[in-house]
Amino acid sequence: AAMAPGRKITAKIKKTLPVTGPQAPTLSELMRWYCLNTNTHGCRRIVVSRGRLRRFIWILLTLSAVGLILWQCAELLLNYYSASVSVTVQFQKLSFPAVTICNINPYKYSAMKDYLSELDRETKNALETFYGFSEGKSKVRRSVGDGNGTGSELFQHIPLLKFEDFSRTVTDLHSGQKRKIEGKVFHKDSSIVNSGDSNDIIGFQLCDANNSSECALYTFSSGVNAIQEWYKLHYMNIMAQIPLETKEKLSYSADDLILTCFFDGLSCDKRHFTRFHHPLHGNCYTFNSGDNESVLSTSTGGSEYGLHVVLYIDEADYNPFLVTSTGAKIIVHDQNEYPFIEDIGTEIETAAATSIGMHFTRSRKLSKPYSDCTETGADIPVENLYNKSYSLQICLHSCFQKAMVESCGCAQYAQPLPAGAEYCNYKKNPNWMYCYYRLHERFVKEQLGCQQICKDACSFKEWALTTSIAQWPSAVSEDWMLRVLSWDKGQKLNKKLNKTDLANLMVFYKDLNERFISENPANTLVILLSNFGGQLGLWMSCSVVCVIEIVEVFFIDSLSIVLRRRWQKAKKWWNGRKSKQGGKPCPEGELERQGHENPACVDEDLPTFNTALRLPLPHESPLPRTPPPNYSTLRLEGSAAFTEQLPDTLDAGPR
Amino acid sequence: MNVKKYFVRALHRLQKGPGYTYKELLVWYCDNTNTHGPKRIIKEGPKKKFVWFFLTLLFASLVFWQWGILINTYLSYNVTSSLSIGFKTMKFPAVTVCNANPFKYSEVKPLLKELDRLIEAALERILQPSQGGSVLPLPLNGSDNLSQALDLSLWNQLPLVLIDEHDKDHPVIVDIFETNQTGLGNQTAAPDASNTTSEEKKYKLAVKLCSHEGPGNCIYRNFTSAAQAVTEWYILQSTSILSKVPLQERIRMGYQAEDMILACLYGAEPCNYKNFTQIYHPDHGNCYIFNWGMDEEALNSSNPGAEFGLKLILDISQQDYIPYLSSAAGARLMLHQQRSFPFLKDQGIYAMAGTETSIGVLVDELERMGYPYSDCTMNGSDVPVKNLYSEYNTSYSIQACLRSCFQNRMAEICGCGHYMFPLPEGVNYCNNEDNPGWAYCYSSLRSSVGHRQFCIDSCKETCNDTQYKMTISMADWPSEASEDWIFHILSYERDMSTNVTLDRNGIIKLNIYFQEYNYRTISESAATTIVWLLSSLGGQFGFWMGGSVLCLIEFGEIIIDSLWITVINAISWGKGLKQRRARARYPDAPPTVSELAEAHANPGFQHEDSGAQPAAALPPEPGTPPPNYDSLRVRPAAPGPDGDES
């Protein structure tokens, strides 16, 4: 009566919301109960089997079924992130790709005279010194000015060298002296020295400007390579100092390059081309760049309906040392892609009709957990220096340029400028060449980490090209064709065109089928769950409900039984000690709680079928009631011997 | 009376169902079903019961949701692709070889003589002012002798005009052979250069196309390049002339097989021009197809490499080209499937004279499943376009469909067929005499985007798409050292004379062979089959609830039962209503459901069941009887619920 209010409330709560523990008093009872009542197959057989061997076999089978389920489900989980590939073909109107066309020669040689005369003189000098090649016999243009032979600082600093005696003695181009040489030797063609060939080797030496003992020697097996490489090095030095506007003027204009243009059965002209300045190829022109207008598309395949251009390749105005081949370079690319014409361009021959049939394929990979590719390049820690969408090529070039600016202090000529940097030239950065070559060496050997940072793009478009060549113009049509084209070229050009100055190019879709190769997730969550369900059902006829049961029985119930046992033991021990000490009576509340946890009390309000229906418990009737049918169908009944032998099965339900 | 008896019996039978009330039925179901959740609802204590009820509902809804997703996935008819690559013995592709030039100039010269003279004279006129300066010299001033000899009627049907663009805003049209200069009355088809500043050409060449309805209805199709204008004009004119020539004559004017195919070797076996099937191709004249498979079995190639492929030596005799018609010289060839028509303009490649061209072939196949997986056609029978190429006895292809579609439109709109495509029934080829406005009609149709889109929409691609991926390489041939004897032998073989009739400009060597891996096949298979669907559905149901189809049937049974209960209740309610009306008000309230259930569950009634057994004089059967609907219900011995109520 004199209960504390707090205790009153707890008692009330207990009364209305009785928290009962598991019904089984011991763990083994619980297990037995579980096995008999669970929905999984197998467990029940363990309990109802008689004989040790049988029971053992059933335990083994059940355990192995559990093991199989775990193994198979693990496999399913591990294979979750796999992709299946689907190829779809769609016949449709296709957007025409951008076609970038460059002359192989970047700048008009006649216009470049002022800038290159010194370099050319030096080159010719080298040719004469080393190979006895004099200009009189050659076709080399005499237009190069006859300077008065002073020779700049620069060329003396990095002269061409001729090596004798296994690269130990060197003939200097300028002084003609022979001297011993120290330092590391880098061979562009490494097998030459090892083969023991005693032929003279040509190359050049790059030294660290700050520390002249640090030198790198570049040698080439052939003078052709050496001279071109050496020329290019100085050429880049010179070009880096010329502003972009001037360079654009020095190169070919659209009128110069494109003589006739025809697209999709209609005439087109230079307004359909966008100028794009490439550092190594001068002015290039992109057809259908999508800059000013919408992207053109073709709705008919075949050579008549593609792009048909005649290019004017002014062979007479070629730089003899920088480029040694004649023709044009083209690249077919997407409007958003940067044309890496120096890397993947297709060369076009002069005096020929090149017919390029395209076949369009679009691919798409799945990004993150499926494969290591990037959608937009935004997650790559390399700044995109090109004003175009991400590609692996762009990333690698940007990465190298970044490293170049960091370690050499200036930017390499062939790639775009990062913010705040400027192109290397000898006057401002005397050390850059040495630095560049060392850096490039490291880049190629993957020591800069660029190859690790840069990832593939997830989606890309590809135009597979089939290139074939026919003679053009044909022998009988040459005459009128050249006359009319000369007229086309306009009044300012007085000379008649030569057929080796012309290249005919046709770019067209072979068919309008677009192949789209895409990766799709092979598994979805739904399918994974279905597969789980299939596995669980196959081995044990189990479901999520069984899993919940297992959690309930094996974790919650077992734990509470163990805890209850412990608690009772502890209490017993405590009580024993108390009674030993002075026999202080237990508080009533404690007894009450004890009563609650007493399994005997709990049994009273068992939530069985009967209580659920609020039916009175069956009286001790001599005849058993019909048990719940599903689990009991196997049970034998009626024989007293059996019922005595299997008391558990009988008692399990009601208890 | 009989009917009433029957109803009573039926009612009695119905009453043998699993329960008399919904609750009883539900409890029975939960206890007996094989689905995992419901049993726990009734087996557990009140709180757990609630939890289990909630869980069961949740799982059931999860199952239905996921089933929805699965069925949706199935109905989207996805496909998976499998790729196989390797070498196998395959049919060697059909090889079509043509000359880039359709007819021998020596043969067609009489027909084209007038045209050539016209264009030569016109070119002379056009090229003249470039030296003279800005003023175009008026024609017919002292060159009457030239123009009198020309057949100006041919010219006037389809004239070339010069557009003088000295004054940007008012371009002047100058007809080349006439004196009248007119201002540009009608608009030009292509936009003019209007705001360019740099110095450029002052004259443009254009083709004047007039419809036959009247002289006012003309367009000027102008070209930035005179070379293109001349070629285009010449093609239009020569098409008109040649379309009047009968087919046999045209075949005779083309290149004959024995002249063109000089040597042939397939694998180790020699072959000759007789192994080629002649076909007349409007673009390229006589074409010859090797291994077309029309009459004979297609040849197989069982080895990779050039030694086991086709080797051909061709002569294209470049000196006999029509000068204005085709400016590129070479052989045109194409690899295609057996029994398909070669569309050389689309898929053909060139081979250059004076070279040896080696072509390594990889067969790239795509095998697709038809409807409903993808929108493709197996044989073209379901395409609404009449295939005009069926006269060649070739199979359907999208190119054939597009061309047929165009030709059908052309026949509809212009009233005649274009020379480049086969004719529909009852239509003739266009020519300038019979159809004066055909060039105008053709040009507008060709450049019309709407017509093209119409054809693209009505044609379907084939399900099996085969492409021949070619790796092309070239070398000079014959070498300078071997040139003499090769030319000598080949010339001798051709006409049995010692005159050398061949030169570098005409001779072509071709090697066509399978690469080391000669096929790459992408084949589709259905990603979701009905088996997949069933096993996924079963997996889902099993995963969440441990259920199967039988569980669904059980559930259905319960629903039927509950319907019966409703029927019974309705009947008894109706009965009760009648009786209540008849009688005075019954003093007691009707029994509640729980009371009824209690009454049924009275264990005392159980005796009847067991009591019946000894009466049957049979030994007690071991084991519970198979669970039937009555297993739970305790059958009342005394009057049933209906009787209670009454």
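The values are calculated or read from the model by the stated rules, or taken from the named source; none is laboratory data. Predicted, not measured: the structure shown is a model, and the values here were computed from it. Heads up, the Cβs are rebuilt from the backbone with ideal geometry, glycines too, and the neighbour counts pull from every protein chain shown. Calculation scope for accessible area: heavy atoms of the full protein, side chains included, ligands and nucleic acids excluded. Shrake-Rupley method; radii C 1.70, N 1.55, O 1.52, S 1.80 Å.
Would you say A:LEU30 is aliphatic (A, V, I, L, M) and surrounded by fewer than 16 Cβ atoms within 10 Å (Cβ to Cβ)? It is false that A:LEU30 is aliphatic (A, V, I, L, M) and surrounded by fewer than 16 Cβ atoms within 10 Å (Cβ to Cβ). With respect to (1) outside the structural domain of B:GLN66 (by the TED database); (2) in a helix (DSSP H, G or I), the lone exception for B:TYR513 is condition (2).
Conditions tested, residue by residue: (1) assigned by the TED database to the domain that holds B:MET90; (2) touching a strand residue (DSSP E or B) at 6+ places or on another chain (Cβ under 9 Å); (3) over 30 Å from B:GLU367 (Cβ atoms).
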site: B:ASP434; (1), (2), (3): no, no, yes
site: B:TYR440; (1), (2), (3): no, yes, yes
site: B:THR471; (1), (2), (3): yes, yes, no
site: B:SER479; (1), (2), (3): yes, no, yes
site: B:ILE489; (1), (2), (3): yes, no, yes
site: B:MET496; (1), (2), (3): yes, no, yes
site: B:LEU502; (1), (2), (3): yes, yes, yes
site: B:ASN505; (1), (2), (3): yes, yes, yes
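Against the condition among the acidic types (Asp, Glu), more than 28 Å from B:GLU493 (Cβ to Cβ) and in a loop (DSSP other than H, G, I, E, B), how does B:ASP382 come out, does it pass? The answer is yes for B:ASP382.
Residues in segment B:34-90 that are under 27 Å from the mean Cα position of the chain (by Cα), part of a loop (DSSP other than H, G, I, E, B) and polar (S, T, N, Q): B:SER76, B:ASN78.
Scan segment A:268-281 residue by residue and report those that are surrounded by fewer than 22 Cβ atoms within 10 Å (Cβ to Cβ), part of a strand (DSSP E or B) and of a type outside the set (D, E, K, R). Across segment A:268-281, the qualifying residues are A:THR274, A:PHE276, A:HIS277, A:HIS278. Restricting attention to segment B:540-586 and to residues that are in a helix (DSSP H, G or I) and among the small types (Gly, Ala, Ser), the residue that is nearest to the other protein chains (Cβ to nearest Cβ) turns out to be B:GLY542.
So, of the residues in segment B:444-464 that are at the interface with chain A (Cβ under 9 Å from one of its Cβ atoms) and assigned to a helix (DSSP H, G or I), which turns out to be farthest from B:VAL207 (Cα to Cα)? Here the residue is B:ILE456. Would you mind finding the one in B:ILE261, B:ILE219, B:ILE313, B:ILE241 that is within 14 Å of chain A (Cβ to nearest Cβ) and over 34 Å from the mean Cα position of the chain (by Cα)? Just one listed residue meets the conditions, B:ILE219. Here B:TYR468 meets the list (1) more than 32 Å from the chain's Cα centre (by Cα); (2) buried (at least 18 other Cβ atoms within 10 Å of the Cβ) almost entirely, failing just condition (1).
Table: residues versus (1) more than 21 Å from B:ASN518 (Cβ to Cβ); (2) touching a residue at least 60 places away in the same chain (Cβ under 8 Å); (3) not in a helix (DSSP H, G or I).
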{"site": "B:ILE251", "(1), (2), (3)": "yes, no, no"}
{"site": "B:ASN286", "(1), (2), (3)": "yes, yes, yes"}
{"site": "B:ILE289", "(1), (2), (3)": "no, yes, yes"}
{"site": "B:ALA298", "(1), (2), (3)": "no, yes, yes"}
{"site": "B:LEU312", "(1), (2), (3)": "no, yes, yes"}
{"site": "B:LEU333", "(1), (2), (3)": "no, yes, yes"}
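When A:ARG364, A:ARG442 are checked against the criterion of being in contact (Cβ under 8 Å) with a residue 60 or more places away in the chain, out of contact with any helix residue (DSSP H, G or I) (no Cβ under 7 Å at 6 or more places or on another chain) and outside the structural domain of A:LEU217 (by the TED database), A:ARG364 stands alone in meeting it. Are any residues in segment B:42-72 modelled with pLDDT under 90 and of a type in the set (Val, Ile, Thr), and if so, which ones? B:ILE42, B:VAL51, B:THR56, listed by residue number.
Of everything in segment A:525-553 that's facing chain B (nearest Cβ under 8 Å) and open to solvent by 40 Å² or more (accessible area, probe 1.4 Å), which residue is farthest from B:ARG403 (Cα to Cα)? My answer is A:ILE548. Please work out which residue is farthest from A:ILE561 (Cα to Cα), limiting yourself to segment A:1-29 and to residues that are within 14 Å of another protein chain (Cβ to nearest Cβ) and at pLDDT below 60. Selected residue: A:LEU17. One residue stands out in segment B:587-603 among those that are open to solvent by 60 Å² or more (accessible area, probe 1.4 Å), within 12 Å of another protein chain (Cβ to nearest Cβ) and not in a helix (DSSP H, G or I): the one that is modelled with the highest pLDDT, namely B:THR592.
Considering segment B:518-568, and only residues there that are in contact with a strand residue (DSSP E or B) (Cβ under 7 Å, 6 or more places away or on another chain) and more than 30 Å from B:GLY305 (Cβ to Cβ), the residue that is surrounded by the fewest Cβ atoms within 10 Å (Cβ to Cβ) turns out to be B:SER525. For segment B:405-443, a tally of residues being open to solvent by 20 Å² or more (accessible area, probe 1.4 Å), assigned to a helix (DSSP H, G or I) and either of a type in the set (Phe, Trp, Tyr) or in contact with a Phe, Trp or Tyr (Cβ under 7 Å, 6 or more places away or on another chain) (or both) returns 4. For segment B:487-537, residues that are at the interface with chain A (Cβ under 10 Å from one of its Cβ atoms) and without any contact (Cβ under 8 Å) to a residue 12 or more places away in the chain total 1. For segment B:102-125, filtering for residues that are modelled with pLDDT of 90 or more and either on the phi > 0 side of the Ramachandran plot or within 11 Å of another protein chain (Cβ to nearest Cβ) (or both) leaves 1. Scanning segment A:68-102 for residues that are in a strand (DSSP E or B) and among the polar types (S, T, N, Q) yields A:SER84, A:SER86, A:THR88, A:GLN90, A:SER95, A:THR100. Within segment B:64-101, take every residue that is more than 23 Å from B:ILE313 (Cβ to Cβ), surrounded by 18 or more Cβ atoms within 10 Å (Cβ to Cβ) and of a type outside the set (Gly, Ala, Ser) and give me the one that is farthest from the other protein chains (Cβ to nearest Cβ). Only one residue fits best here, namely B:TYR74.
The rows are residues; the columns are (1) in contact with a Lys or Arg (Cβ under 6 Å, 6 or more places away or on another chain); (2) on the phi > 0 side of the Ramachandran plot; (3) of a type in the set (Phe, Trp, Tyr); (4) not assigned by the TED database to the domain that holds B:THR96.
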residue: B:LYS244; (1), (2), (3), (4): no, no, no, yes
residue: B:LEU247; (1), (2), (3), (4): no, no, no, yes
residue: B:CYS264; (1), (2), (3), (4): no, no, no, no
residue: B:GLY267; (1), (2), (3), (4): no, yes, no, no
residue: B:PRO270; (1), (2), (3), (4): no, no, no, no
residue: B:ASN275; (1), (2), (3), (4): no, no, no, no
residue: B:TYR280; (1), (2), (3), (4): no, no, yes, no
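Checked against (1) more than 30 Å from B:ARG252 (Cβ to Cβ); (2) out of contact with any strand residue (DSSP E or B) (no Cβ under 7 Å at 6 or more places or on another chain); (3) modelled with pLDDT of 70 or more, B:LEU154 passes all but condition (1). Looking at segment A:236-248 only, could you name the residues that are without any contact (Cβ under 8 Å) to a residue 40 or more places away in the chain and either in a helix (DSSP H, G or I) or closer than 11 Å to A:TYR107 by Cα (or both)? Matches in segment A:236-248: A:LEU244, A:GLU245, A:THR246, A:GLU248.
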